[in-house]
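*Asks:* This is the structure I have questions about; it appears just below.
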Amino acid sequence: MMAGPYCRYCGHRCFVYRVLPDGSWAGHMATCPEGAAHDREVTGHDHTTATNPNRTSRS
């Protein structure tokens, strides 16, 4: 769990680190439905469509 602020939408620390597919932004995105909707409105992506830089590729 990350340290830091609580989500203004759900009151939890529901954030995960993501990078926009075009590389123009990186930061924490909310995983709750309301927070994800806000992220989509602002960036065009949410935690499910942005890139997880911590995911290791498997061959």
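*Asks:* Shape verdict for the chain, please, from the Cα gyration tensor: rounded (a/c under 1.5), prolate (a/b greater than b/c) or oblate.
*Replies:* oblate
*Asks:* Hey, what did the chain get for relative contact order, percent, Cα under 8 Å, at least 6 apart? List each step's numbers first, then the result.
*Replies:* Values: 78 pairs, mean separation 17.0, N = 59.
The value is 29 percent.
*Asks:* Continuing with the same structure: How far, in degrees from 0 to 90, does helix 33-43 lean away from the longest principal axis of the Cα atoms of the chain, to the nearest 10?
*Replies:* Taking Cα atoms only, the helix is inclined about 60 degrees.
*Asks:* Leaving ligands, DNA and RNA out of it, report the carbon-plus-sulfur percent of the accessible area of the chain at a 1.4 Å probe. Mind showing how you got there, number by number?
*Replies:* Details: 2160 of 4310 Å².
It is 50 percent, rounded to a whole number.
*Asks:* Now, a different point. Mind listing which trypsin sites (Lys or Arg not before Pro) in region 1-47 are in a DSSP loop and have 14 or fewer other Cβ atoms within 10 Å?
*Replies:* 8
*Asks:* In nm, to one decimal, how far is the residue 32 label point from the residue 51 one, both placed 7 Å along Cα→Cβ?
*Replies:* Modelled inter-label distance: 2.9 nm.
The values are calculated or read from the model by the stated rules, or taken from the named source; none is laboratory data. Since the model is a prediction, treat every value here as computed from it, not as a measurement. Note that each Cβ is placed from the backbone with ideal geometry, even for glycine, and that neighbours are counted across all protein chains shown. Remember, those area values only see protein heavy atoms, side chains included, never the ligands or the DNA or RNA. Shrake-Rupley method; radii C 1.70, N 1.55, O 1.52, S 1.80 Å.
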